[in-house]
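Let me begin by presenting the structure, written as structure tokens, before commenting on it.
The values are calculated or read from the model by the stated rules, or taken from the named source; none is laboratory data. Treat the numbers as computed from the prediction; the structure is a model and nothing was measured. Glycine gets a Cβ as well: all are built from the backbone with ideal geometry, and neighbour counts include every protein chain shown.
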Amino acid sequence: MKRLLSGVCFLAISILLAPALEANSKDGPRRWTKTVKKGSEIVYKIVFLAEKVPQRKYAEFAVIGDGSTDVDIEVYDAKGNLVTKDDKFTDLALVRWVPEITQEYTIKVRNLGDDDNTCHMGHN
């Protein structure tokens, strides 16, 4: 319960603080729940918009798992270069980066465990 509460607080704070500094996806923010099968990955292709303003605008992708396994996130740009990752040994993951140009990013969510993990995911 404590882990779930800290995860919810983490995501809530991220969502509340982000609006002024966010680089939105082309289709707007989304939230969903998906089961990531044991030892597998799910791949998303999302276009994030570059913002030409003095203040840095961040793109974000977050995962809150059910606590059963380690879940990692990797983000690649349109050329296949690794942009950022969260590979900590937990299923609470958040990646943030500044899109320098508007482009499609490949986001890989990996379940490194031996059990399925029901994850709540979202991006700005």
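State whether the residues of the range 63-85 include one that is closer than 18 Å to Gly28 by Cα, in contact with a His (Cβ under 8 Å, 6 or more places away or on another chain) and either touching a residue at least 60 places away in the same chain (Cβ under 8 Å) or not charged (D, E, K, R) (or both). So far as the range 63-85 goes, yes, one or more of its residues are closer than 18 Å to Gly28 by Cα, in contact with a His (Cβ under 8 Å, 6 or more places away or on another chain) and either touching a residue at least 60 places away in the same chain (Cβ under 8 Å) or not charged (D, E, K, R) (or both). Screening Ala12 with (1) surrounded by 14 or more Cβ atoms within 10 Å (Cβ to Cβ); (2) small (Gly, Ala, Ser); (3) modelled with pLDDT under 95 gives one miss only, at (1). Filtering Asp66, Asp87 for residues that are more than 12 Å from Asn124 (Cα to Cα), among the acidic types (Asp, Glu), modelled with pLDDT of 95 or more and surrounded by 16 or more Cβ atoms within 10 Å (Cβ to Cβ) leaves a single hit, Asp66.
Checked against (1) closer than 13 Å to Val109 by Cα; (2) surrounded by 14 or more Cβ atoms within 10 Å (Cβ to Cβ), Gly39 passes all but a single condition, namely (2). Looking across the range 81-106, the residues that are over 15 Å from Ile64 (Cβ atoms) and of a type in the set (A, V, I, L, M) come down to Leu82, Val83, Val98, Ile101.
So which of Val109, Val63, Val75 ends up being assigned to a strand (DSSP E or B) and over 20 Å from Gly39 (Cβ atoms)? On inspection, the qualifying residue turns out to be Val75. Anything in the range 23-36 that is surrounded by 13 or more Cβ atoms within 10 Å (Cβ to Cβ) and in a loop (DSSP other than H, G, I, E, B)? List them, or say none. If the condition is that a residue be surrounded by 13 or more Cβ atoms within 10 Å (Cβ to Cβ) and in a loop (DSSP other than H, G, I, E, B), then Ala23, Asn24, Pro29 are the ones that fit.
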